[in-house]
Amino acid sequence: MIQRLLPFLTLIALFAGLSLASPHFLTGTNLSSVVRQTAVINIMALGMTLIIIAGGIDLSVGSILAFGGLLGTMAMEKGMPIPLGIAIGIAAGMFWGFANGFLTTTLRINPFIVTLGTLGIVRGIALIISNGLPVHQIPQQFSYLGEGTLLAVPFVLWILLLCAVAVHVILDHTRLGRSAFAIGSNPEAALYAGINVAFVTVAVYSIGGMLTGLAGMIEASRLMTGQPTAGQGYELQAIAAVVIGGGSLRGGEGSVVGTLVGAFIMGLLANGSDLLGISPYLQQAIIGAIIILAVAVDELRKRKLSA
């Protein structure tokens, strides 16, 4: 029980510690900045939650984020309406998510290898179609997606909450969600139980890609540029959010609330490090150490249960 509450207790302790350590932490401007910065990883991590619960993993999400943001902004640069540009970015992400799921199930290759390959393919295509140059000619109104407010709350927080509710409903109240848990727990048993493993796998990867495409458009909106090099290292943060929040890399375990807590822990760590003048290079080392620690705790828990 304590292990289940550990992410929540860590978030509370981190929040309290940073409030005491820096007078700038509890300001409205800073907290709003934390929400905006964390929303991109949070939305990506929600999709990663579905994938990891189903026993998969996606190392290509950083590249997919860049590709979605680039394609959406290129569409707007050519004069397409903002909503259509956003839809194109989301569709681009969904396409690559579908490709990952399709290749994994059709070729029966470990998803680690498939998504490691598509990581390079997607990034390479993004660099080719953009000639390695960012997209700048974007309508100013597009900035509202990442920087706007609604009812005095950052607009991205409303988007994040909507995505979180949608993923929660999928996991807890649909056949797809129940099938994902079953496949992640025991794919052979799920197959014998009549679950269409290939369909469910492709579906969760597609949803993950779609959410990553949305995150790419939010990132592009915050920066007001479509960057073919965006999202480098984001796959590590998305996976870390799921694992810190109680998800298991073996599959079959995970939750929306846990993932949100995990993502906000990393967001507060990054923000607190900036406020306290800690090197961003050290932040990367801390994230890596946290992943190892979280997986170690999960392994110890499972050994106790099986003993």
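None of the figures in this text is laboratory data; all of them are computed from the coordinates on show. Fair warning: this is a prediction, and the values are worked out from it, not measured in the lab. Note: ideal-geometry Cβ built from the backbone for every residue, glycine included; neighbour counts use all protein chains shown.
Just a few scattered comments:
- Calculated [θ] (222 nm, deg cm²/dmol) that DSSP helices of n ≥ 4 give over the chain, each run adding -39,500 (n - 2.57): -26000 deg cm²/dmol
- Whole-angstrom gap from the stretch 239-307 to the stretch 190-222, using each part's C-alpha centre: 21
- With θ taken as phi - 60° and the Karplus curve 6.51 cos²θ - 1.76 cosθ + 1.60 applied, the whole-hertz 3J(HN,Hα) list for the stretch 163-168 is 5, 5, 4, 4, 5, 4 Hz, x standing for glycine and proline.
- A dipole drawn for the chain from +1 and -1 charges on Cβ atoms has a positive end, and of 46, 155, 91 the residue lying farthest that way is 46.
- Legend: calculated FRET efficiency, residue 161 to residue 107, from the Cβ-Cβ distance at R0 = 35 Å, rounded to 0.05, equals 0.40.
- Efficiency of FRET between residue 144 and residue 77 - r from beta-carbon atoms, R0 22 angstrom, step 0.05: 0.80
- Gaussian network model of the chain, springs between alpha carbon atoms under 10 Å - residue of 22, 63, 221 with greatest fluctuation: 22
- Listed residues 226, 209, 277, most fluctuating in the chain (Gaussian network, C-alpha, under 10 Å): 277
- Dipole magnitude for the chain: computed about the Cα centre from +1 point charges on Lys and Arg Cβ and -1 point charges on Asp and Glu Cβ, it is near 440 debye.
- When 158, 96 are arranged by Cβ crowding within 10 Å, least crowded first, meaning fewest neighbours, the order is 158, 96.
- Rounded, prolate or oblate (a/c below 1.5 giving rounded, otherwise prolate when a/b exceeds b/c) for the stretch 1-154 by Cα gyration tensor: oblate
- Here the stretch 125-170 and the stretch 84-111 have alpha carbon centers that stand 19 Å from each other.
- Between residue 54 and 252, the built amide H atoms are under 5 Å apart, and every one of these is 5 or more places off in sequence or on another chain.
- Using Cβ point charges alone (K and R +1, D and E -1), the dipole size of the stretch 65-190 about the Cα centre works out to roughly 220 debye.
- For the peptides 46-57, 140-151, the ranking by mean Cβ contacts within 10 Å, running from highest to lowest, is 46-57, 140-151.
- Within a Gaussian network of the chain (alpha carbon springs, distance under 10 Å), most fluctuating of 132, 28, 85: 28
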